[in-house]
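Please treat every number below as a calculation from the coordinates, not as lab data. Keep in mind that what you see is a predicted model, and the values were worked out from it rather than measured. Glycine gets a Cβ as well: all are built from the backbone with ideal geometry, and neighbour counts include every protein chain shown.
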Amino acid sequence: LPTLIRQKRDGERLEDAESRRTVRGVTEGTAQQGQNGAMLMAIRLRGMDAGETLALTRAMAVSGRALSWPPAWHGLVVDKHSTGGVGDKVSLALAPALAACGCKVPMISGRGLGHTGGTLDKLEAIPGFRVSQSPEEMCSILERVGCCIVGQSEELVPADRVLYGLRDVTATVDSVPLITASILSKKAAEQLSALVLDVKFGGAALCPTQESARELARSLVEVGTHLGIRTAAVLSRMDQPLGRAVGNAQEVLEALECLDGGGPPDLRQLVTALG
């Protein structure tokens, strides 16, 4: 692993097998935390080309189980992901809205990164809510209610579970290849038919400018398409909080207002556009 870290540090590309070896070290625990952090920083500073990013995404996606669905759901399994912002509770309203339209939404989501709130943290404001579900439990929930929102686990994209938190404490959150691999490894494991991405830009977003958001959106759409997922991206402004509520429990309540036909206009508009 030190050889691979040095290679990336010096601006060389990682071959597919080397990306797989790096991810295997993360999931099997043979790589030390310092080595994982060093590799993240090397990728953040040196970047990755499209082929490298695709290889890293694929390696992370197969670090756990791939979900499988009944043949009758073919073409119905869809998802959405946002790059995050203050007050962004769109997933809490959009997933059940899509389910009401006949879609199946197996959303593997994340916790807060940097200053942005995490969907899982918001849901855990509901007493007794459990974000850890097995693939079998997810299938049962989708059969009954059409959507679920769960976290990474030992079974589902374990490489991302390790690297996600490490990016938060190593100042590597804003790396385009790492964002792309983190988001799309989860979506590849979901075996989706279609994916919509909400890529935010502005003073309160990971991408400060519309140009940087467009660069990230292009990376996500390109890699998503190569993974066989119909992928589209929407650029949305994040110069101020979305909606009126900020804070986990408050945001859950505002999402419920939105589902009931109320809530702030900007939240309803974005939910509708992405849907």
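Just to be sure I understand: of the beta bridges DSSP finds with both ends in the chain, what percent are antiparallel, rounded to 5?
Values: 1 of 21 bridges.
Of the beta bridges lying entirely in the chain, close to 5 percent run antiparallel.
Quickly work out the Glu211-to-Arg65 label distance, labels modelled 7 Å from Cα along the C-beta direction, and quote it in nm with one decimal.
Placing both labels 7 Å along Cα→Cβ, they lie 4.6 nm apart.
Quick check on segment 1-62: take the gyration tensor over C-alpha atoms, sort the square-rooted eigenvalues as a ≥ b ≥ c, and tell me if it's rounded (a/c under 1.5), prolate or oblate.
On the way: a/c = 1.73, a/b = 1.07, b/c = 1.63.
Oblate, since a/c reaches 1.5 and b/c is not below a/b.
Give me a comma-separated list of calculated 3J(HN,Hα) values for segment 24-29, in order, Karplus coefficients 6.51, -1.76, 1.60 applied at θ = phi - 60°, integers in Hz, x for any Gly or Pro.
Each residue's phi maps through the Karplus curve to give 4, x, 5, 6, 7, x Hz.
Shape call for segment 56-128 from the C-alpha gyration tensor, a ≥ b ≥ c root eigenvalues: rounded (a/c under 1.5), prolate (a/b greater than b/c) or oblate?
In terms of gyration-tensor shape, oblate.
Mind listing the long-range amide H neighbours of Cys207? Cut-off is under 5 Å, sequence gap 5 or more, other chains count too, H placed in the peptide plane at 1.01 Å from N.
Result for Cys207 returns Gly202.
Can you give me the distance in nm between label points at Asp168 and Cys101, each placed 7 Å from the Cα along the Cα-to-Cβ direction?
Taking the simple label geometry, Asp168 and Cys101 are separated by 3.1 nm.
Pop out the ³J(HN,Hα) list for segment 192-209 in order, Karplus 6.51 cos²θ - 1.76 cosθ + 1.60 with θ = phi - 60°, rounded to Hz; leave Gly and Pro as x.
7, 8, 8, 9, 10, 10, 9, 9, 9, 9, x, x, 10, 10, 5, 9, x, 10
What residues qualify as long-range amide H neighbours of Gln191, i.e. H under 5 Å apart, gap of 5 or more or another chain, H built at 1.01 Å from N?
Leu67
Amide H of Ser82: which non-local residues (sequence gap of 5 or more, or other chain) have their own amide H closer than 5 Å, using H built in the peptide plane?
Amide H neighbours of Ser82: Asp198.
What FRET efficiency comes out for the pair Ala50/Thr30, r = Cβ-Cβ distance, R0 = 41 Å, nearest 0.05?
Given R0 = 41 Å and the Cβ-Cβ separation, E is 0.90.
With loop defined by DSSP as not H, G, I, E or B, and exposure as at most 13 other Cβ atoms within 10 Å, which is the longest segment of the chain clear of exposed GluC sites (Glu not before Pro)?
Between the exposed loop sites, the longest stretch runs 13-153.
In degrees between 0 and 90, to the nearest 10, how far off the longest principal axis of the chain does helix 33-46 point, with axes built from Cα atoms?
90
³J(HN,Hα) across segment 157-166 via Karplus (A = 6.51, B = -1.76, C = 1.60, θ = phi - 60°), whole Hz, x for Gly/Pro?
6, x, 4, 5, 4, 6, 6, 4, x, 5
Can you give the relative contact order of segment 71-274 as a percent, counting alpha carbon pairs under 8 Å and 6+ residues apart?
28
What shape does segment 71-274 take by its C-alpha gyration tensor, where a ≥ b ≥ c are the square roots of the eigenvalues and a/c under 1.5 counts as rounded, a/b above b/c as prolate, and the rest as oblate?
Taking the square roots of the gyration eigenvalues as a ≥ b ≥ c, segment 71-274 is rounded.
How much length, in nm to one decimal, is gained on full extension between Ala125 and Asp266, taken as 0.36 nm per residue of separation minus their Cα-Cα distance?
Difference between extended and current length: 48.4 nm.
Could you give the length gained on full extension between Asp10 and Leu253, defined as 0.36 nm per residue of separation minus the Cα-Cα distance, in nm?
82.6 nm
Pairs of alpha-carbon atoms within less than 8 angstrom and 6+ residues apart define the contacts here; what relative contact order does segment 1-62 have, in percent?
Worked out over segment 1-62, it gives 50 percent.
Cα axis of helix 90-100 to longest principal axis of the chain: angle in degrees, 0 to 90, nearest 10?
Approximately 60 degrees, to the nearest 10.
Helix 210-226 versus the longest principal axis of the chain: what is the Cα-based angle in degrees, 0 to 90, to the nearest 10?
Value to nearest ten degrees: 80.
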